[in-house]
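Notes to accompany the following structure.
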Amino acid sequence: MTTVTTARGARAVRVAAQAKVNLRLRVLARETSGYHQLETLFLRLSLADDVYVRVTGGERTLDIGGDFDARQLGPTERNLAWRAAEAYVDATGWPSGFAIQLDKHIPVGGGLGGGSADAGAVLRALDAISSTPIGEEALLAIAARLGADVPFLTTEHPFALAWGRGERLLVLPAPPEREVLLLLPAFGVNTAHAYGWLADAREIGTAPSMTAARFDPSSLSQWESLTTHATNDFEAVIAARHPQITALVDALRAAGCAIAMMSGSGSTVFGVLPAEGALEMPRFAAGGSTPAPHVLLTRTATHVEPIVVTE
Ligand code: ATP
(Lines give C-alpha, C1' and ligand atoms only; values in the text may rest on other atoms or scores of the structure.)
Protein backbone atom coordinates (compact mmCIF):
# COMPACT_ATOMS: atom_id res chain seq x y z
CA MET A 1 0.00 0.00 0.00
CA THR A 2 2.73 2.43 0.84
CA THR A 3 6.44 2.74 0.56
CA VAL A 4 8.33 3.06 3.80
CA THR A 5 11.41 5.19 3.30
CA THR A 6 14.67 3.42 3.87
CA ALA A 7 17.66 4.77 5.75
CA ARG A 8 19.86 1.65 5.74
CA GLY A 9 23.23 2.11 7.32
CA ALA A 10 22.07 5.12 9.31
CA ARG A 11 22.32 5.12 13.11
CA ALA A 12 20.03 8.06 13.72
CA VAL A 13 17.15 9.75 11.92
CA ARG A 14 14.73 12.62 12.37
CA VAL A 15 11.04 12.21 11.55
CA ALA A 16 8.38 14.92 11.43
CA ALA A 17 5.47 13.33 13.31
CA GLN A 18 2.64 15.25 11.67
CA ALA A 19 -0.63 15.72 13.56
CA LYS A 20 -4.01 14.67 12.14
CA VAL A 21 -7.56 15.89 12.14
CA ASN A 22 -10.62 13.69 11.62
CA LEU A 23 -12.73 15.17 8.84
CA ARG A 24 -15.30 12.49 9.61
CA LEU A 25 -15.60 10.34 12.73
CA ARG A 26 -18.44 7.84 13.08
CA VAL A 27 -18.54 5.48 16.03
CA LEU A 28 -20.30 2.29 14.95
CA ALA A 29 -21.13 -1.01 16.64
CA ARG A 30 -19.35 -2.04 19.82
CA GLU A 31 -17.59 -5.39 19.50
CA THR A 32 -17.87 -8.00 22.24
CA SER A 33 -14.24 -7.12 23.07
CA GLY A 34 -15.46 -3.68 24.13
CA TYR A 35 -13.86 -1.86 21.19
CA HIS A 36 -16.00 0.18 18.84
CA GLN A 37 -15.91 -0.08 15.09
CA LEU A 38 -14.95 3.27 13.61
CA GLU A 39 -15.39 4.93 10.25
CA THR A 40 -13.09 7.89 10.00
CA LEU A 41 -11.34 10.17 7.54
CA PHE A 42 -7.83 11.09 8.65
CA LEU A 43 -5.97 14.05 7.21
CA ARG A 44 -2.41 14.97 8.23
CA LEU A 45 -1.44 18.54 9.03
CA SER A 46 1.89 20.30 8.63
CA LEU A 47 1.93 20.86 12.43
CA ALA A 48 4.36 18.21 13.72
CA ASP A 49 6.44 17.01 16.64
CA ASP A 50 10.12 16.44 15.81
CA VAL A 51 11.04 12.87 16.67
CA TYR A 52 14.73 11.90 16.81
CA VAL A 53 15.51 8.17 16.95
CA ARG A 54 19.01 6.71 17.42
CA VAL A 55 19.84 3.05 17.85
CA THR A 56 22.22 2.29 20.72
CA GLY A 57 24.18 -0.67 21.99
CA GLY A 58 21.78 -1.30 24.89
CA GLU A 59 20.79 1.88 26.69
CA ARG A 60 17.09 2.91 26.33
CA THR A 61 16.19 6.56 26.86
CA LEU A 62 13.36 9.01 26.12
CA ASP A 63 13.84 12.78 26.39
CA ILE A 64 11.04 15.25 25.83
CA GLY A 65 11.35 18.94 25.06
CA GLY A 66 9.28 21.60 23.32
CA ASP A 67 5.85 22.93 24.24
CA PHE A 68 4.05 20.73 26.69
CA ASP A 69 2.85 20.60 30.23
CA ALA A 70 4.77 17.82 31.99
CA ARG A 71 1.66 17.01 34.06
CA GLN A 72 -0.15 15.99 30.88
CA LEU A 73 2.49 13.46 29.87
CA GLY A 74 2.56 10.33 31.98
CA PRO A 75 5.60 8.23 32.89
CA THR A 76 8.13 7.15 30.26
CA GLU A 77 6.80 3.56 30.11
CA ARG A 78 3.33 4.88 29.16
CA ASN A 79 4.63 7.24 26.48
CA LEU A 80 3.42 6.07 23.09
CA ALA A 81 6.82 6.73 21.45
CA TRP A 82 8.50 4.52 24.06
CA ARG A 83 5.81 1.84 23.78
CA ALA A 84 6.19 1.83 19.99
CA ALA A 85 9.94 1.27 20.26
CA GLU A 86 9.50 -1.51 22.80
CA ALA A 87 6.82 -3.15 20.66
CA TYR A 88 9.17 -3.04 17.64
CA VAL A 89 11.98 -4.64 19.68
CA ASP A 90 9.60 -7.31 21.02
CA ALA A 91 8.44 -8.15 17.49
CA THR A 92 11.86 -8.18 15.80
CA GLY A 93 14.53 -8.66 18.47
CA TRP A 94 16.26 -5.44 17.27
CA PRO A 95 17.66 -2.97 18.26
CA SER A 96 19.05 -3.74 21.69
CA GLY A 97 18.77 -0.10 22.67
CA PHE A 98 17.33 3.21 21.48
CA ALA A 99 17.57 6.89 22.32
CA ILE A 100 14.40 8.83 21.48
CA GLN A 101 14.01 12.57 21.70
CA LEU A 102 10.62 14.24 21.22
CA ASP A 103 10.29 17.95 20.56
CA LYS A 104 6.59 18.47 21.20
CA HIS A 105 4.72 21.06 19.16
CA ILE A 106 1.37 19.26 18.85
CA PRO A 107 -0.88 20.21 21.79
CA VAL A 108 -1.31 17.20 24.09
CA GLY A 109 -4.68 15.53 24.53
CA GLY A 110 -6.61 17.66 22.09
CA GLY A 111 -7.75 15.14 19.49
CA LEU A 112 -4.84 15.92 17.15
CA GLY A 113 -3.20 12.52 17.58
CA GLY A 114 0.13 13.79 18.92
CA GLY A 115 1.10 10.72 20.91
CA SER A 116 -0.05 8.41 18.12
CA ALA A 117 1.94 10.41 15.55
CA ASP A 118 5.06 10.08 17.72
CA ALA A 119 4.49 6.30 17.92
CA GLY A 120 4.05 6.09 14.14
CA ALA A 121 7.23 8.11 13.63
CA VAL A 122 9.24 5.77 15.87
CA LEU A 123 7.96 2.69 14.01
CA ARG A 124 8.81 4.26 10.64
CA ALA A 125 12.24 5.31 11.90
CA LEU A 126 13.23 1.91 13.26
CA ASP A 127 12.06 0.02 10.19
CA ALA A 128 13.88 2.48 7.93
CA ILE A 129 17.17 2.03 9.80
CA SER A 130 16.87 -1.75 10.21
CA SER A 131 18.96 -3.91 7.90
CA THR A 132 16.10 -6.45 7.98
CA PRO A 133 12.94 -4.31 7.77
CA ILE A 134 9.66 -6.04 8.53
CA GLY A 135 7.71 -4.03 5.96
CA GLU A 136 4.46 -2.18 6.09
CA GLU A 137 2.01 -4.98 6.87
CA ALA A 138 3.90 -6.16 9.94
CA LEU A 139 4.55 -2.55 10.97
CA LEU A 140 0.83 -1.73 10.80
CA ALA A 141 0.02 -4.83 12.88
CA ILE A 142 2.28 -3.48 15.65
CA ALA A 143 0.76 -0.02 15.20
CA ALA A 144 -2.80 -1.34 15.55
CA ARG A 145 -2.02 -2.72 19.01
CA LEU A 146 -0.94 0.76 20.15
CA GLY A 147 -4.18 2.59 19.27
CA ALA A 148 -6.74 3.35 16.58
CA ASP A 149 -4.87 6.41 15.23
CA VAL A 150 -1.46 4.76 15.07
CA PRO A 151 -1.79 2.64 11.86
CA PHE A 152 -2.67 5.68 9.70
CA LEU A 153 0.04 7.76 11.39
CA THR A 154 2.59 5.03 10.62
CA THR A 155 1.91 5.19 6.88
CA GLU A 156 3.49 7.71 4.56
CA HIS A 157 0.09 8.79 3.22
CA PRO A 158 -1.45 12.15 4.14
CA PHE A 159 -5.12 11.14 3.70
CA ALA A 160 -7.11 7.93 4.20
CA LEU A 161 -10.47 6.50 5.13
CA ALA A 162 -10.18 4.04 8.00
CA TRP A 163 -12.50 1.38 9.39
CA GLY A 164 -12.43 -1.31 12.04
CA ARG A 165 -10.18 -0.20 14.85
CA GLY A 166 -8.37 2.12 12.49
CA GLU A 167 -6.33 -0.66 10.90
CA ARG A 168 -8.32 -1.05 7.67
CA LEU A 169 -7.18 1.81 5.48
CA LEU A 170 -8.21 3.08 2.08
CA VAL A 171 -5.54 5.52 0.93
CA LEU A 172 -6.96 8.53 -0.93
CA PRO A 173 -5.46 11.44 -2.87
CA ALA A 174 -5.24 14.36 -0.45
CA PRO A 175 -7.48 17.35 -1.12
CA PRO A 176 -5.61 20.50 -2.20
CA GLU A 177 -3.60 22.21 0.54
CA ARG A 178 -5.58 24.65 2.70
CA GLU A 179 -4.86 26.67 5.80
CA VAL A 180 -6.42 25.34 9.00
CA LEU A 181 -7.24 27.27 12.14
CA LEU A 182 -6.98 25.17 15.31
CA LEU A 183 -8.86 26.40 18.38
CA LEU A 184 -7.77 24.76 21.61
CA PRO A 185 -10.17 25.25 24.52
CA ALA A 186 -8.67 25.36 28.00
CA PHE A 187 -10.54 22.17 28.96
CA GLY A 188 -9.66 18.68 27.72
CA VAL A 189 -11.99 15.74 27.13
CA ASN A 190 -11.36 12.29 28.55
CA THR A 191 -11.85 9.87 25.63
CA ALA A 192 -13.48 7.19 27.83
CA HIS A 193 -16.01 9.75 29.07
CA ALA A 194 -16.75 10.78 25.47
CA TYR A 195 -17.58 7.16 24.55
CA GLY A 196 -19.78 6.87 27.66
CA TRP A 197 -21.71 10.06 26.84
CA LEU A 198 -22.24 8.85 23.26
CA ALA A 199 -23.54 5.48 24.50
CA ASP A 200 -25.95 7.28 26.87
CA ALA A 201 -27.20 9.52 24.05
CA ARG A 202 -27.76 6.48 21.82
CA GLU A 203 -29.77 4.75 24.50
CA ILE A 204 -32.23 7.62 24.62
CA GLY A 205 -32.16 8.07 20.84
CA THR A 206 -30.52 11.50 20.71
CA ALA A 207 -27.32 10.50 18.86
CA PRO A 208 -26.82 9.65 15.16
CA SER A 209 -27.56 6.04 14.13
CA MET A 210 -24.77 3.50 13.75
CA THR A 211 -25.24 2.89 10.03
CA ALA A 212 -22.03 2.92 8.00
CA ALA A 213 -21.98 5.15 4.93
CA ARG A 214 -21.40 4.29 1.29
CA PHE A 215 -18.83 6.54 -0.30
CA ASP A 216 -17.84 7.44 -3.76
CA PRO A 217 -14.12 7.70 -2.91
CA SER A 218 -13.58 10.33 -5.60
CA SER A 219 -15.91 12.65 -3.67
CA LEU A 220 -13.54 12.61 -0.72
CA SER A 221 -10.58 14.31 -2.36
CA GLN A 222 -12.30 17.61 -3.23
CA TRP A 223 -13.14 20.12 -0.52
CA GLU A 224 -16.53 20.96 -2.03
CA SER A 225 -17.85 17.36 -1.88
CA LEU A 226 -15.95 16.53 1.32
CA THR A 227 -18.03 19.10 3.14
CA THR A 228 -21.09 16.82 2.97
CA HIS A 229 -19.20 13.98 4.70
CA ALA A 230 -17.69 16.09 7.46
CA THR A 231 -19.26 15.01 10.76
CA ASN A 232 -18.10 13.86 14.19
CA ASP A 233 -20.34 11.66 16.38
CA PHE A 234 -18.69 12.98 19.55
CA GLU A 235 -19.30 16.64 18.80
CA ALA A 236 -22.93 16.95 19.97
CA VAL A 237 -22.45 14.98 23.19
CA ILE A 238 -19.33 16.96 24.12
CA ALA A 239 -20.93 20.27 23.12
CA ALA A 240 -23.86 19.40 25.42
CA ARG A 241 -21.37 19.47 28.34
CA HIS A 242 -19.10 22.21 26.96
CA PRO A 243 -21.15 24.83 25.06
CA GLN A 244 -17.91 26.57 24.02
CA ILE A 245 -17.52 23.86 21.33
CA THR A 246 -20.69 25.06 19.57
CA ALA A 247 -19.66 28.70 19.96
CA LEU A 248 -16.27 28.03 18.34
CA VAL A 249 -17.76 26.00 15.47
CA ASP A 250 -20.30 28.76 14.83
CA ALA A 251 -17.61 31.45 14.90
CA LEU A 252 -15.52 29.57 12.31
CA ARG A 253 -18.55 29.04 10.06
CA ALA A 254 -19.53 32.70 10.31
CA ALA A 255 -15.95 33.60 9.38
CA GLY A 256 -16.19 31.62 6.15
CA CYS A 257 -14.96 28.07 6.94
CA ALA A 258 -17.11 25.55 5.03
CA ILE A 259 -15.72 22.83 7.29
CA ALA A 260 -15.71 23.73 11.00
CA MET A 261 -15.87 20.87 13.49
CA MET A 262 -14.29 19.11 16.45
CA SER A 263 -11.39 16.69 15.89
CA GLY A 264 -11.25 13.21 17.46
CA SER A 265 -12.78 13.18 20.92
CA GLY A 266 -11.92 16.86 21.33
CA SER A 267 -11.52 19.32 22.58
CA THR A 268 -9.80 20.92 19.54
CA VAL A 269 -12.15 22.62 17.08
CA PHE A 270 -10.75 23.28 13.61
CA GLY A 271 -11.80 25.26 10.58
CA VAL A 272 -10.59 24.70 7.01
CA LEU A 273 -10.03 28.16 5.57
CA PRO A 274 -11.40 29.12 2.15
CA ALA A 275 -8.95 28.68 -0.74
CA GLU A 276 -8.99 32.34 -1.64
CA GLY A 277 -9.74 35.55 0.05
CA ALA A 278 -8.94 36.49 3.56
CA LEU A 279 -10.84 34.86 6.33
CA GLU A 280 -12.83 37.26 8.44
CA MET A 281 -10.65 36.47 11.46
CA PRO A 282 -13.07 35.55 14.24
CA ARG A 283 -12.65 37.01 17.72
CA PHE A 284 -12.63 34.47 20.50
CA ALA A 285 -13.36 36.51 23.52
CA ALA A 286 -13.56 34.83 26.86
CA GLY A 287 -17.19 34.44 27.88
CA GLY A 288 -18.14 34.41 31.55
CA SER A 289 -15.96 31.82 33.27
CA THR A 290 -14.83 30.30 29.92
CA PRO A 291 -11.31 31.36 28.92
CA ALA A 292 -10.67 32.18 25.24
CA PRO A 293 -9.16 29.27 23.30
CA HIS A 294 -5.53 29.08 22.29
CA VAL A 295 -5.30 29.63 18.50
CA LEU A 296 -2.85 27.93 16.11
CA LEU A 297 -2.64 28.34 12.34
CA THR A 298 -1.38 25.38 10.29
CA ARG A 299 -1.97 23.80 6.86
CA THR A 300 -3.35 20.52 5.59
CA ALA A 301 -0.63 18.19 4.29
CA THR A 302 -0.49 16.92 0.73
CA HIS A 303 2.44 14.65 1.55
CA VAL A 304 4.12 13.06 4.55
CA GLU A 305 7.59 14.47 5.22
CA PRO A 306 10.38 12.03 4.36
CA ILE A 307 12.69 10.62 7.02
CA VAL A 308 15.96 12.58 7.39
CA VAL A 309 19.22 10.78 8.20
CA THR A 310 21.12 12.64 10.93
CA GLU A 311 23.99 10.24 11.73
P1 ATP B 1 -6.13 11.17 19.80
O2 ATP B 1 -6.64 12.14 18.79
O3 ATP B 1 -5.28 10.07 19.24
O4 ATP B 1 -7.18 10.72 20.80
P5 ATP B 1 -5.00 13.21 21.41
O6 ATP B 1 -4.47 14.26 20.50
O7 ATP B 1 -6.32 13.47 22.06
O8 ATP B 1 -5.01 11.87 20.64
P9 ATP B 1 -2.44 12.88 22.63
O10 ATP B 1 -1.85 14.21 22.38
O11 ATP B 1 -1.93 11.76 21.84
O12 ATP B 1 -4.01 12.94 22.52
O13 ATP B 1 -2.37 12.58 24.18
C14 ATP B 1 -3.32 11.80 24.83
C15 ATP B 1 -2.67 11.21 26.07
O16 ATP B 1 -1.66 10.31 25.63
C17 ATP B 1 -2.01 12.25 26.93
O18 ATP B 1 -2.80 12.46 28.07
C19 ATP B 1 -0.67 11.66 27.30
O20 ATP B 1 -0.56 11.39 28.66
C21 ATP B 1 -0.57 10.35 26.53
N22 ATP B 1 0.67 10.27 25.73
C23 ATP B 1 1.42 9.17 25.63
N24 ATP B 1 2.47 9.40 24.83
C25 ATP B 1 2.39 10.65 24.38
C26 ATP B 1 3.19 11.45 23.52
N27 ATP B 1 4.31 10.98 22.93
N28 ATP B 1 2.78 12.70 23.27
C29 ATP B 1 1.65 13.17 23.84
N30 ATP B 1 0.87 12.47 24.67
C31 ATP B 1 1.22 11.21 24.95
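Determine, from the Cβ-Cβ distance of Leu170 and His294 and an R0 of 51 Å, the FRET efficiency 1/(1 + (r/R0)^6), rounded to the nearest 0.05. List each step's numbers first, then the result.
Numbers: r = 33 Å, r/R0 = 0.65.
Here the calculated transfer efficiency is 0.95.
Put Glu31, Glu177 in order of accessible area, largest first, 1.4 Å probe: what do you get?
Glu177, Glu31
Of the beta bridges DSSP finds with both residues in the chain, what % are antiparallel, to the nearest 5? Provide the component values of the computation, followed by the final result.
Working: 50 of 59 bridges.
Antiparallel bridges make up about 85 percent of those DSSP assigns within the chain.
At a 1.4 Å probe, what is the % contribution of carbon and sulfur to the accessible area of the range 17-159?
Summing carbon and sulfur atoms, their accessible area is 47 percent of the total for the range 17-159.
In sequence order, what are the phi-derived ³J(HN,Hα) couplings for the range 10-15 according to the Karplus relation 6.51 cos²θ - 1.76 cosθ + 1.60 with θ = phi - 60°, rounded to whole Hz, with x for glycine and proline?
6, 10, 8, 9, 10, 10
Pick out which of Arg214, Arg202, Arg299 has the largest mean-square fluctuation in a Gaussian network model of the chain, springs linking Cα atoms closer than 10 Å.
Its mean-square fluctuation being the largest, the pick is Arg214.
Arrange the peptides 248-259, 216-227 so that the one whose residues have, on average, the most other Cβ atoms within 10 Å appears first.
Details: 248-259: 18.7, 216-227: 13.2.
Answer by packing, highest mean first, reads 248-259, 216-227.
Let a ≥ b ≥ c be the square roots of the eigenvalues of the Cα gyration tensor of the range 215-270; is it rounded (a/c under 1.5), or, if not, prolate (a/b larger than b/c) or oblate?
Note, shape of the range 215-270 comes out oblate.
Considering only His294, Gly205, Thr231, whose Cα is most displaced toward the positive end of the charge dipole of the range 173-311, charges sitting on Cβ of Lys, Arg (+1) and Asp, Glu (-1)?
Gly205
For the range 209-311, what % of the accessible area comes from carbon and sulfur atoms, probe 1.4 Å? Could you put the intermediate results ahead of the total?
Numbers: 2910 of 5270 Å².
That share works out to 55 percent.
Classify the range 97-225 from the C-alpha gyration tensor, please: rounded if a/c falls under 1.5, else prolate or oblate depending on whether a/b exceeds b/c.
In terms of gyration-tensor shape, prolate.
Can you tell me the accessible area per residue over the range 82-223, all protein chains present, probe 1.4 angstrom, in square angstrom?
Working: 5580 Å² over 142 residues.
The answer is 39 Å² per residue.
Can you give the FRET efficiency for Ser96 and Arg283, using 1/(1 + (r/R0)^6), R0 = 41 Å, r = Cβ-Cβ distance, to the nearest 0.05?
0.15
Each label point is 7 Å from the Cα along the Cα-to-Cβ direction; what then is the distance between the points at Ile204 and Ala70, in nm?
4.3 nm
Using the crude model of +1 on Lys and Arg Cβ and -1 on Asp and Glu Cβ, and no other charge, please compute the dipole size for the range 1-121 relative to its Cα centre, in debye to 20. Numbers along the way, then the final one.
Numbers: 14 positive and 13 negative charges, 60 e Å.
Here the size comes out at about 280 debye.
Over the range 1-90, what is the relative contact order in whole percent, taking alpha-carbon pairs under 8 Å and six or more residues apart?
26 percent.
So the label point goes 7 Å from the Cα of Ala213 along Cα→C-beta, right? Which residues of the range 127-169 then have their backbone N under 12 Å from it?
161-162
Could you work out the relative contact order of the chain, using alpha carbon pairs under 8 angstrom and six or more residues apart, expressed as a whole percent?
Numbers: 697 pairs, mean separation 78.6, N = 311.
Result for the chain is 25 percent.
Roughly how many Å² of Asp90 are accessible to a 1.4 Å probe, to the nearest 10?
Only protein atoms counted, so the area is about 130 Å².
The values are calculated or read from the model by the stated rules, or taken from the named source; none is laboratory data. Everything numeric here is computed off the predicted structure, so don't read it as measured data. Don't worry about glycine lacking a Cβ; one is built from the backbone with ideal geometry, like all the others, and counts go over all protein chains shown. What goes into the accessible areas is simple: the full protein's heavy atoms, side chains included, and nothing from ligands, DNA or RNA. Shrake-Rupley method; radii C 1.70, N 1.55, O 1.52, S 1.80 Å.
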